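Peer 1: Okay, handing you the structure first.
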Amino acid sequence: MSERFRDLRKNQEIRDKVSETTLKAEDFIYPVFIKEKITKKEPINSLPGQFRYSLDDIDEIIKECETSKIRGILLFGIPEKKDNLGSEAYNDNGIIQKTIKKIKSISKLKIYADVCLCQYTSHGHCGVLKNNDVDNDETLKLLDKIALSYAKAGVDFVCPSAMMDFQVSSIRKALDKNKFSNVKIMSYSAKFASNFYAPFRDAVDSSPKEGPKDRKTYQMDFRNPKQALKEIELDIKEGADIVMVKPALAYLDIISKAKEKFNVPIAAYNVSGEYAMLKNSGIDMLYEALIGIKRAGADIIISYGALGILRWLNDNRN
Ligand code: PBG
């Protein structure tokens, strides 16, 4: 091999030929927000370029996702009514259930759906509040109900994101028992109690309003890389088909170690705060960051910038 490395950097064509990392449409999952009881999409102020869609006007974005050939979309619902037990999340006529059915009737796009309670509970926590904390096993019962309800609507992947212990095995059992073994699980396995989620909580109104003031009793402490690997290992044992590290950019070490250690696809969630920061700085910085996530070992990248970056790559690199 030549030691004259500068020969490999002479022009864009040569650089592209020897590049060790590329971003492809298939790498990406695009998060989509659907809000109940609106008729036109609303821009999300905290996430530049992103929208809260209505059930009536998702067709266009679904088409765009399908033609872009991305791996799939990740759905988040914003219900009209919230209550103590987040019952709209497991209402068979809830906003996500309706959305799944509609998308399935117009497209072949793969649908991933977030399974959590925080957008649906009046207190804003990801589970059932009891004695001023979130009760693990009471919450599992509700997560099972949400997953089953999404499965009935036709979802491809359920994505438990509440960080309750044993949420994956509980959902896997519930799905299998009800003849939904074809529905797969992408688990938020190493989900950290991160400050980078702030724009998302603003977008879906899910900040804690009662009980503990934050999510630190269930989401991971970001000082713990070893525990993150244990969480991932356990989720795989419990039946997760894809495991996730979230956020991505401040957690590249975890992505890289998980990729080396485990044999299931590793997803990385480039979260709202990371996206907002990069989007405001420029698309080439977003590109560099996404390459970093891929280089660290992510097989799948969940990013609000997915469609934008693919458009930009098409225009600039071909
Ligand atoms: C629901 C959930 C959150 C995100 C994804 N699923 C918020 C949270 O845990 O508070 C954050 C996504 C993002 O910041 O882009 N539990």
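The values are calculated or read from the model by the stated rules, or taken from the named source; none is laboratory data. None of these values were measured; they are calculated from a predicted model. Note: ideal-geometry Cβ built from the backbone for every residue, glycine included; neighbour counts use all protein chains shown. SASA here: full protein model, heavy atoms, side chains in, ligands and nucleic acids out. Shrake-Rupley method; radii C 1.70, N 1.55, O 1.52, S 1.80 Å.
Peer 1: From the list 254, 301, which one is open to solvent by less than 50 Å² (accessible area, probe 1.4 Å), under 13 Å from residue 23 (Cα atoms) and aliphatic (A, V, I, L, M)?
Peer 2: Every option except 301 fails the conditions.
Peer 1: Can you name the residue in the stretch 281-310 that is assigned to a helix (DSSP H, G or I) and without any contact (Cβ under 8 Å) to a residue 24 or more places away in the chain and, of all such residues, is nearest to the chain's Cα centre (by Cα)?
Peer 2: Of everything passing the filter in the stretch 281-310, 286 is nearest to the chain's Cα centre (by Cα).
Yes or no, residue by residue, for (1) among the small types (Gly, Ala, Ser); (2) within 13 Å of the ligand (Cβ to nearest atom):
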position	(1), (2)
194	yes, yes
201	no, yes
221	no, no
244	no, yes
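Peer 1: Restricting to the stretch 246-284, give me the number of residues that are within 14 Å of the ligand (Cβ to nearest atom), within 20 Å of residue 185 (Cβ to Cβ) and not hydrophobic (A, V, I, L, M, F, W, C).
Peer 2: 2
Peer 1: Next question, about the same structure. Mind listing just one residue for me: the one in the stretch 145-170 that is part of a helix (DSSP H, G or I), without any contact (Cβ under 8 Å) to a residue 60 or more places away in the chain and open to solvent by 30 Å² or more (accessible area, probe 1.4 Å) and, of those, nearest to residue 74 (Cα to Cα)?
Peer 2: 148
Peer 1: Among the candidates 114, 56, single out the residue that is more than 16 Å from the ligand (Cβ to nearest atom) and outside any loop (DSSP other than H, G, I, E, B). So that I can check it myself, show each step before the final result.
Peer 2: Values: 114 fails: more than 16 Å from the ligand (Cβ to nearest atom).
Residue meeting the stated conditions: 56.
Peer 1: Residues in the stretch 171-178: is at least one open to solvent by 30 Å² or more (accessible area, probe 1.4 Å), outside any helix (DSSP H, G or I) and touching a residue at least 12 places away in the same chain (Cβ under 8 Å)?
Peer 2: Yes, some residue in the stretch 171-178 is open to solvent by 30 Å² or more (accessible area, probe 1.4 Å), outside any helix (DSSP H, G or I) and touching a residue at least 12 places away in the same chain (Cβ under 8 Å).
Peer 1: Then there's this: For the stretch 285-308, what are the residues that are within 16 Å of the ligand (Cβ to nearest atom) and more than 14 Å from residue 251 (Cβ to Cβ)?
Peer 2: We begin by selecting, within the stretch 285-308, every residue within 16 Å of the ligand (Cβ to nearest atom); these are 286, 289-290, 293, 298, 300-308.
Those that are within 16 Å of the ligand (Cβ to nearest atom) and more than 14 Å from residue 251 (Cβ to Cβ): 286, 290, 300, 303, 304, 305, 306, 307, 308.
Peer 1: Mind checking which pairs have a first residue in the stretch 246-260 that is at negative phi and a second that is hydroxyl-bearing (Ser, Thr, Tyr), Cβ under 8 Å, 6 or more apart or different chains?
Peer 2: If the second residue must be hydroxyl-bearing (Ser, Thr, Tyr), the pairs left are 246/188; 246/194; 246/269; 247/194; 247/197; 247/269; 248/269; 250/194.
Peer 1: Right, residue 222: open to solvent by 20 Å² or more (accessible area, probe 1.4 Å) and in contact (Cβ under 8 Å) with a residue 40 or more places away in the chain or not? Show your work before the answer.
Peer 2: Working: open to solvent by 20 Å² or more (accessible area, probe 1.4 Å): yes; in contact (Cβ under 8 Å) with a residue 40 or more places away in the chain: no.
Spelling it out, it is not the case that residue 222 is open to solvent by 20 Å² or more (accessible area, probe 1.4 Å) and in contact (Cβ under 8 Å) with a residue 40 or more places away in the chain.
Peer 1: Could I ask something else about it? For the stretch 33-45, does any single residue satisfy the condition of being closer than 28 Å to residue 169 by Cβ, open to solvent by less than 50 Å² (accessible area, probe 1.4 Å) and within 16 Å of the ligand (Cβ to nearest atom)? Full working, then the answer.
Peer 2: Restricting attention to the stretch 33-45, the residues satisfying the condition of being closer than 28 Å to residue 169 by Cβ are none.
Looking for residues that are closer than 28 Å to residue 169 by Cβ, open to solvent by less than 50 Å² (accessible area, probe 1.4 Å) and within 16 Å of the ligand (Cβ to nearest atom), one finds none in the stretch 33-45, hence no.
Peer 1: A follow-up question, please. Inspect the stretch 227-240 for any residue being open to solvent by 50 Å² or more (accessible area, probe 1.4 Å), modelled with pLDDT of 95 or more and under 27 Å from residue 305 (Cα atoms) and give the result as yes or no.
Peer 2: no
Peer 1: Would you be able to tell me the number of residues in the stretch 141-197 that are of a type outside the set (Phe, Trp, Tyr) and closer than 22 Å to residue 214 by Cα?
Peer 2: Number satisfying all stated conditions: 17.
Peer 1: For residue 278, are the conditions met, namely being more than 15 Å from the chain's Cα centre (by Cα) and crowded, with 18+ Cβ neighbours inside 10 Å?
Peer 2: yes
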